[in-house]
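Take a look at the structure below.
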Amino acid sequence: MRLFSSVNDVTNVQQLVQEALALKGNPYAHKHLGENKTLGLVFLNPSLRTRLSTQKAALNLGMNVMVMNLDKEGWALETQDGVIMNGTTVEHIREAAAVMGEYCDILGIRSFPKLQDREEDYSEDLFNKFVKFCAVPVVSLESATRHPLQSLADLVTIQENKTSAKPKVVLTWAPHVKPLPQAVPNSFAEWMCKAQSEGLIDFVITHPAGYELSKDFTQGAAITHNQNEALKDADFVYVKNWSSYKEYGRILSDGKGWMLDHSRLEQTNNAKVMHCLPVRRDLELSAEILDGPHSIVIKEASNRVWAAQAVLKNMLESL
Ligand code: CP
């Protein structure tokens, strides 16, 4: 594997999930695979889970890790060609990515969307240029439109915690005070649609009108504006806010009545509740759920290590 940016980069999703679970059972089984290899983690945005879990995964494989907060510690990046750089940008991505590729055997990059121009964000211009110019395998640490390490960990968590052969998984929109990217729900939807196509789950998305995700990520999902209908008999409920794709980057309403609380879980099949974190308590998701037996958010975050380790192992094996 030389690129991990979406579910489409994975030849066999079920095998990757099983690999992650095997690594969870035996974390140091491949502790020499990454010897004398360096992982570079480049962040243009904040992170807790992705940063630490990917570092831990690399260390378990015997790799060295370098982390750079490029937005704060690097030179201001120019990404466009043909620009006379007489403004605020100091270094072109052509040189910056190429140099990082010289120092590292595998690179990871996190780059959020600006949420101003849909076409620009969905072109994944920065991420794609980084991949093109660094010349080493690249793992997405969350790009403008996807968060595949999160989605793989989510699928691992569902496989690990399911109590029936084909659980019902519901992605529900949640309120928020800030406009958030669609990357997590896009990615979750495309991974769940893939899992559904392989007979592993039944997948439903629910959100208020106006919050439709791009159809590129939701092919095969049942979609409804009726949260109660969606939650009926659910085995897993995945809670996440996102801003509008249609009215790009906008919050369309206060989302009153969409926060998941205990009363809504009554109609589910004793559902397990997931969230990628960070989560705003009693805004996105009730504290009573987060602190109660339905929540598996910490297990889910813990599985980020094994998802990252499975991906890095595959990349190391292809070097
Ligand atoms: N879920 C997730 O990616 O967390 P961080 O933003 O803290 O890395």
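The values are calculated or read from the model by the stated rules, or taken from the named source; none is laboratory data. These numbers were taken from a predicted model, which means no experiment stands behind them. Every residue, glycine as well, gets a Cβ built from its backbone with ideal geometry; the counts of neighbours run over all protein chains shown. These area figures cover heavy atoms from the full protein model, side chains too; ligands, DNA and RNA do not enter into them. Shrake-Rupley method; radii C 1.70, N 1.55, O 1.52, S 1.80 Å.
Laid out as a table, the results:
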item: Links that overshoot a 29 Å alpha carbon limit, given the list LYS132/LYS194; LYS129/LYS256; LYS132/LYS313; result: LYS129/LYS256
item: Calculated FRET efficiency for the pair ASP254/LYS215, C-beta based, R₀ 30 Å, to 0.05; result: 0.70
item: Pairwise FRET efficiency - SER302 versus SER197, Cβ, R0 = 25 Å, nearest 0.05; result: 0.35
item: Residues ASN161 and ASN45, FRET efficiency given R0 of 22 Å [Cβ-Cβ distance, rounded to 0.05]; result: 0.15
item: Solvent-accessible area per residue for the chain (1.4 angstrom probe, square angstrom); result: 43 Å²
item: Nonlocal amide H pairs with SER286, under 5 Å, H built at 1.01 Å; result: LEU260
item: Solvent-accessible area, 1.4 Å probe, carbon plus sulfur percent, for the chain; result: 49 percent
item: Label zone at ARG280, where the point sits 7 Å out along the Cα-to-Cβ direction: the stretch 92-133 residues whose backbone N lies under 16 Å; result: none
item: Gaussian network model of the chain, Cα within-10 Å springs - most flexible of ILE205, ILE223, ILE84; result: ILE84
item: The stretch 261-293-the stretch 146-163 distance, computed between alpha-carbon centres (Å); result: 17 Å
item: Counting all C-alpha pairs of the stretch 130-240, share separated by more than 25 Å (%); result: 22 percent
item: Estimated distance in nm for a label pair at ASN12 and GLU95, the labels positioned 7 Å out from Cα along Cα-to-Cβ; result: 4.5 nm
item: Inter-probe distance in nm under a simple model that places probes 7 Å from Cα toward Cβ, at LYS31 and GLN267; result: 5.1 nm
